[in-house]
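Chemist: Would you mind keeping the following structure in view while I ask a few things?
FYI, it's all coordinate maths here, none of it is from the lab. These numbers were taken from a predicted model, which means no experiment stands behind them. Heads up, the Cβs are rebuilt from the backbone with ideal geometry, glycines too, and the neighbour counts pull from every protein chain shown.
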Amino acid sequence: MKKDLLSILDLKADEIHALLKRTAELKEMQKGGTPHQSLQGKSLGMIFEKSSTRTRVSFEVGMFQLGGQAIFLSPKDTQIGRGEPVADTARVLSRYVDGIMIRTFSHDMLEEFAAYADVPVINGLTDLLHPCQILTDLFTIREHFGTLEGRKISWIGDGNNMAHSWINAAARLGFELTLACPEGHRPADTVLGNALKEAGNIKVLDDPSEAARNADVVNTDVWASMGQEDESEERKKAFKAYQVNEELLRHASKEAIVFHCLPAHRGEEITAEVLEGKRSLIFDQAENRLHTQKAIMEMLMCAK
Ligand code: CP
Ligand code: NVA
């Protein structure tokens, strides 16, 4: 049976650990120039209903390095943009390609697409979740610290798609996750409620310094996500006290690293000093999208 990656909760803990281990192998092979064309002759369709730099390029290059090809599908030039039903598009594309990556607004649309597709579907970001980014971030933590075990992760800012996927990862793997979000911008009750049924290691606070206290990873994201551009000014006020800056990092562990999935707004959710500073692993994170997604595609698209 085909397997999708719509959410981190689609993976068991041992599958996540195996994926991170395979990511390290693939990264080493790519750096060492060792051929690893495990998806030779396969095609990935990539539907983007929102903008992307990292996701688009890393999936496309990743597919090429694995010996396959990727096809960029924009709603502007396909019948998707003219209202062809999701169910029809999913069934038709499944007759041509071996996997489909989708970046869209509605998570329901992604789930409907996956229900009708006969090939694996990968979530390249929805308004609700961003699993490929958080799997990459887990890999980056493992690569930097040697292990995920015992790490304390903090999330400062919006309770958005990124925060939701961090919550799912903490529920599945059991690490400590503390989020600081302003009133009205906390993670969705559905996501948090489900996670808390699985694990008690997740806290949502108001105070960013409290959330950052002794953290090994301090993580943030834009205050207005794609689709929320109209709320930008109002959000700048609501999130003013939630900036990742040197003062906030004084509360974190001495060895703490800083993550941002990018794109970033310097001077808003993160200062230029921190983004460019010695604790920032932000560009390693961006690179690791390539290696992690190669492991994801192998896992889903090589499976019988
Ligand atoms: N972090 C991330 O998903 O970047 P893009 O929006 O550029 O794909
Ligand atoms: N939360 C951001 C992430 C971008 C990669 C957004 O959805 O726009």
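Chemist: Answer rounded, prolate or oblate for the range 222-304, using the Cα gyration tensor with square roots of eigenvalues a ≥ b ≥ c: rounded when a/c is under 1.5, else prolate when a/b is larger than b/c, else oblate. Let's see the in-between values first.
Modeler: Details: a/c = 3.00, a/b = 1.46, b/c = 2.05.
Since a/c reaches 1.5 but b/c is at least a/b, the shape of the range 222-304 is classed as oblate.
Chemist: If you don't mind, there's one more thing I want to ask. Cα centroids of the range 127-149 and the range 16-66: how far apart, whole angstrom?
Modeler: Computed from Cα coordinates, the inter-centre distance equals 16 Å.
Chemist: Then there's this: Provide, for q = 0.07, 0.09, 0.15 Å⁻¹, the log10 of I(q)/I(0) from a solvent-free Debye sum over equal Cα point scatterers in the chain.
Modeler: These q points yield log10 I(q)/I(0) values of -0.26, -0.43, -1.20.
Chemist: Return a whole-number percent for the relative contact order of the chain, with Cα pairs under 8 Å and 6 or more residues apart as the contact set. Let's see the in-between values first.
Modeler: Working: 587 pairs, mean separation 61.2, N = 304.
Relative contact order comes out at 20 percent.
Chemist: Between helix 54-65 and the chain, what is the angle of the helix's C-alpha long axis to the longest principal axis, kept within 0 to 90° and rounded to the nearest 10?
Modeler: The angle comes out at about 40 degrees.
Chemist: Tell me, rounded to the nearest percent, the portion of alpha carbon pairs in the range 71-117 spaced more than 11 Å apart. All intermediate terms of the calculation are to be shown ahead of the outcome.
Modeler: On the way: 733 of 1081 pairs.
Counting every Cα pair in the range 71-117, those more than 11 Å apart make up 68 percent.
Chemist: While we're here: Magnitude of the Cβ-charge dipole of the chain, K/R +1 and D/E -1, about the Cα centre, nearest 20 debye? All intermediate terms of the calculation are to be shown ahead of the outcome.
Modeler: Working: 36 positive and 45 negative charges, 179 e Å.
About 860 debye.
Chemist: What residue among ALA24, PRO131, GLY277 has its Cα farthest toward the positive end of the dipole of the chain, where the charges are +1 on Lys, Arg and -1 on Asp, Glu, each on the Cβ?
Modeler: After comparing all options, I get ALA24.
Chemist: Give me the percent relative contact order of the range 1-159, please, defined on Cα pairs under 8 angstrom at least 6 residues apart.
Modeler: Details: 215 pairs, mean separation 40.8, N = 159.
About 26 percent, as a whole number.
Chemist: Could you work out how far apart the two model spin labels at TYR96 and ALA241 are, taking each label as a point 7 Å from the Cα in the direction of the beta carbon, and quote it in nm?
Modeler: According to this spin-label approximation, the distance is 5.2 nm.
Chemist: Given axes a ≥ b ≥ c from the Cα gyration tensor, I'd like to know whether the range 162-279 is rounded (a/c under 1.5), prolate (a/b larger than b/c) or oblate. Write out the running numbers ahead of the final one.
Modeler: On the way: a/c = 1.81, a/b = 1.15, b/c = 1.57.
It comes out oblate by the Cα gyration axes.
Chemist: Which residues among the range 153-190 fall inside the zone where the amide N is under 13 Å from a point 7 Å beyond the Cα of MET226, along Cα→Cβ?
Modeler: Zone members listed by number: 161-162.
Chemist: Report the rotationally averaged projected area of the range 77-158 based on its alpha-carbon convex hull, in square nanometres. Please list the in-between numbers first.
Modeler: Working: hull surface 30.5 nm².
Taking a quarter of the hull surface, the average projection is 7.6 nm².
Chemist: Could you order peptides 122-128, 32-38 by the average number of other Cβ atoms within 10 Å of their residues, highest first? Show your work: numbers first, answer last.
Modeler: Numbers: 122-128: 24.6, 32-38: 11.1.
Taking the mean over residues of other Cβ atoms within 10 Å, the ranking is 122-128, 32-38.
Chemist: Under a plain spin-label model, where a point goes 7 Å from the Cα along Cα-to-Cβ, how far apart in nm are ALA87 and GLU273?
Modeler: Here the answer is 5.7 nm between the modelled labels.
Chemist: Tell me the relative contact order for the range 1-77 as a rounded percent, counting alpha carbon contacts under 8 Å between residues six or more apart.
Modeler: Details: 64 pairs, mean separation 22.5, N = 77.
The value is 29 percent.
Chemist: How many percent of Cα pairs in the range 129-193 exceed 16 Å?
Modeler: Values: 893 of 2080 pairs.
Across the range 129-193, Cα pairs with separations above 16 Å total 43 percent.
Chemist: Right, next: Which links in LYS2/LYS50; LYS21/LYS42; LYS2/LYS197; LYS50/LYS76; LYS3/LYS294 stretch past 20 Å when you go from one Cα to the other?
Modeler: Working: LYS2/LYS50 26 Å; LYS21/LYS42 23 Å; LYS2/LYS197 27 Å; LYS50/LYS76 11 Å; LYS3/LYS294 16 Å.
Correct reply: LYS2/LYS50; LYS21/LYS42; LYS2/LYS197.
Chemist: Shifting gears a bit: Taking a cut-off of 24 Å between Cα atoms, list the lysines near LYS254, but don't count ones fewer than 8 places away on the same chain.
Modeler: LYS152, LYS203, LYS278
Chemist: Roughly speaking, what is the centre-to-centre gap between the range 222-245 and the range 68-98 when only Cα atoms are used, to the nearest Å?
Modeler: 33
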